[in-house]
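One structure is given below, encoded as structure tokens.
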Amino acid sequence: MLAGSAVDAADGRRALDFHTILKTAYFADKRMLNEHWRPIFGATYRAMNYGPVPVEIYQMLKCDPYYLSELELSDYPWKRENGYWVSFVDSNLRSNEILNPPDIAEADMAILAEEFERSRGMSFNQRTNETHQMDWVRGIQRPDSRMAYEDMIAEDHPHREEMIEDLASMGVRIVL
């Protein structure tokens, strides 16, 4: 398989590369944070060579069993293919529920869908360049490479300080 291409899965759906999925989560969290003062996922982001990586989502894409109990699944409805690609297997008929979770608000899902299309429409290099902003730079400078949500807030956001206070009050639930 060529890097950057999609393959057809057995059920007719297209396989997706990790980079597209991980950057979708980042774009959506950052946009939601700046527009609605909170991220969608609240994941722990690490500044990696090719941009921010939401650690928990990355672990799930790798089919790490740790999160299965939280999702009330016995197995993930996707499988890894050729390293860093996933495709749905739908063996447990839960992929539609995973793709359209009832716990995520409609507005959040709309932003996710828009950011997925944006991410999918970019090349690997475009996504990487787009995600190497100051929040990533500050993350890469930390000893653990952890990115902070406060760094994802636009520097010129009129409510930046108030948003940082709100994030601090969430403390244990999201990473600052």
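Under the condition of being surrounded by 11 or more Cβ atoms within 10 Å (Cβ to Cβ), of a type outside the set (D, E, K, R) and not in a helix (DSSP H, G or I), the residues counted in region 121-143 number 3. Hey, can you tell me all the residues within region 115-138 that are in contact (Cβ under 8 Å) with a residue 12 or more places away in the chain and either of a type in the set (Asp, Glu) or within 16 Å of residue 42 (Cβ to Cβ) (or both)? Across region 115-138, the qualifying residues are 115, 130, 135.
Among the residues of region 30-65, the ones that are closer than 20 Å to residue 116 by Cβ and part of a loop (DSSP other than H, G, I, E, B) come to 8 in all. Selection of first residues in region 64-89 that are over 16 Å from residue 21 (Cα atoms) and of second residues that are surrounded by 16 or more Cβ atoms within 10 Å (Cβ to Cβ), restricted to Cβ pairs under 6 Å at least 6 apart or on distinct chains, gives the following pairs, ordered by first then second residue: 67/60; 89/79. Criterion first (out of contact with any Leu (no Cβ under 7 Å at 6 or more places or on another chain), among the hydrophobic types (A, V, I, L, M, F, W, C) and at pLDDT below 95) does residue 25 satisfy it? When the stated conditions are applied, residue 25 does not pass them.
The values are calculated or read from the model by the stated rules, or taken from the named source; none is laboratory data. The shown structure was predicted, so the numbers you read here are calculated from the model rather than taken from an experiment. Backbone-built Cβ (ideal geometry, glycine too); neighbour counts: all protein chains shown.
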